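None of the figures in this text is laboratory data; all of them are computed from the coordinates on show. Because the structure is predicted, anything quoted here is derived from the model rather than measured. Cβ placement follows ideal geometry from the backbone for every residue including glycine, while neighbour counts extend to all protein chains displayed.
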Amino acid sequence: MTLLHNMSAAPRTAIVQLAHPHFELTSGVLLRLDDCVTDTSSEAILTRLGIRERLTLRAAHARLCKLLNERALALPYPPAAIVSHRATGRERAETDLLSVCAVLSKSSQSLYLRDKEPNLNGIQPSRRVILLIPKGWRSA
């Protein structure tokens, strides 16, 4: 008989090992909406961007998606990047609203894909994304 698992619940162990900053292979970019942004509808985001045209819901959605795709192509990030949820405190914060919305709309729980179609449901006030960019990576 073994005493190793003679408990009412299985034991849990979490091992976390962090590399010394000198040996890290990536740098982090923190992207999240500013606290004052609570309405993330297409119309509200376009208004915050200074676009005050009266658009139908479908037209506002299409216009925002077009802007997000254009911004994603201009961002200095690779076409694909790993998304992390663990902050180290050394991340560079991105504050530009359109850039933040572009990354949030093109990120899943684990991956950012620049060329995917924006998912406007990903733009949420409570959502935070940390992109891990390989050190030494430069956009062409």
How many times 2.2 N^0.38 Å is the alpha carbon radius of gyration of segment 22-134? 1.06
Apply the Karplus curve 6.51 cos²θ - 1.76 cosθ + 1.60, θ = phi - 60°, to the phi angles in segment 52-64 and return the couplings in whole Hz, x for Gly and Pro. 10, 5, 7, 10, 5, 4, 5, 5, 5, 4, 5, 5, 5
The answer for the net charge of residues other than Glu53 whose Cβ lies under 11 angstrom from its Cβ, with Lys and Arg +1 and Asp and Glu -1, is +2
Straight-line reach from Lys66: which aspartates and glutamates have Cα under 20 Å away, leaving out those fewer than 8 places along the same chain? Asp39, Glu43, Glu53, Asp96, Asp115, Glu117
Would you mind checking which residues have amide H under 5 Å from Lys106's amide H? H placed 1.01 Å from N; only 5 or more apart, or other chain. Asn119
Cα centroid of segment 49-68 to Cα centroid of segment 79-96, whole Å: 27 Å
Run down the lysines and flag those whose C-alpha is under 29 Å from the C-alpha of Lys135, throwing out any fewer than 8 positions away in its chain. Lys106, Lys116
Take each of the peptides 82-90, 127-135, average the number of other beta-carbon atoms within 10 Å over its residues, and list them starting from the highest. 127-135, 82-90
